[in-house]
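Trainee: Pasting a structure below so you can have a look.
The values are calculated or read from the model by the stated rules, or taken from the named source; none is laboratory data. No experiment lies behind these values; they were computed from the predicted model shown. Neighbour counts are summed over all protein chains in view; Cβ atoms, including those assigned to glycine, are modelled from backbone coordinates with ideal geometry.
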Amino acid sequence: MSSVNNSELACKVVIGQQEIQLVLNGDLTIAEVASVHHDAIRAIAAGIPITVDLSGVTYLDAAMLQLLAAMRTAAAGLHIGLTLKHASETLHEDAQLLGLSKVLLGDPGVG
């Protein structure tokens with residue numbers, strides 16, 4: 001298992017044989033979207049299940065929620081499981097307000 005730390009973004013990518021973990025921390029806003037998107041593309045390209053650990057996230061703005069939704073959609077289109085782990089109640093509420101609940105928190109159609 002290897003890991004890559006991106007301290008600027010508070011994003012850690014942990015690459016295992018069976019799964020990739022994206023561990024996000026801190027305040028994640030539109031300023032971090034491009035770099036997190038880069039990590040997400042690399043993770044999806046690996047073709048194995050992905051877990052996004054949100055336990056260390058203190059804030060997510062709408063742009064980051066949209067990126068998470070796009071990640072789930074892209075992974076599902078390639079039949080790759082993508083799970084959001086430790087999604088806060090606030091994330092659930094914000095996803096509902098933005099109309100992203102189904103794609104972010106529902107069944108992505110990957111089995």
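Trainee: Can you tell me how many residues in the range 64-111 are in contact with a strand residue (DSSP E or B) (Cβ under 9 Å, 6 or more places away or on another chain), surrounded by fewer than 16 Cβ atoms within 10 Å (Cβ to Cβ) and hydrophobic (A, V, I, L, M, F, W, C)?
Mentor: 2
Trainee: Please find, among Glu19, Glu8, Glu32, the residue that is at pLDDT 95 or above and over 11 Å from the mean Cα position of the chain (by Cα).
Mentor: Sole residue among the options that is at pLDDT 95 or above and over 11 Å from the mean Cα position of the chain (by Cα): Glu19.
Trainee: Evaluate the following for Asp39: is it assigned to a helix (DSSP H, G or I), among the charged types (D, E, K, R) and either buried (at least 16 other Cβ atoms within 10 Å of the Cβ) or in contact with a strand residue (DSSP E or B) (Cβ under 6 Å, 6 or more places away or on another chain) (or both)?
Mentor: Yes.
Trainee: Starting from residues that are farther than 15 Å from Thr83 by Cα and among the aliphatic types (A, V, I, L, M), keep the ones in the range 42-63 and report whichever is surrounded by the fewest Cβ atoms within 10 Å (Cβ to Cβ).
Mentor: It comes out as Ala45.
Trainee: Would you point out the residue of the range 6-35, among those that are touching a helix residue (DSSP H, G or I) at 6+ places or on another chain (Cβ under 6 Å) and assigned to a helix (DSSP H, G or I), that is nearest to Leu82 (Cα to Cα)?
Mentor: Val33
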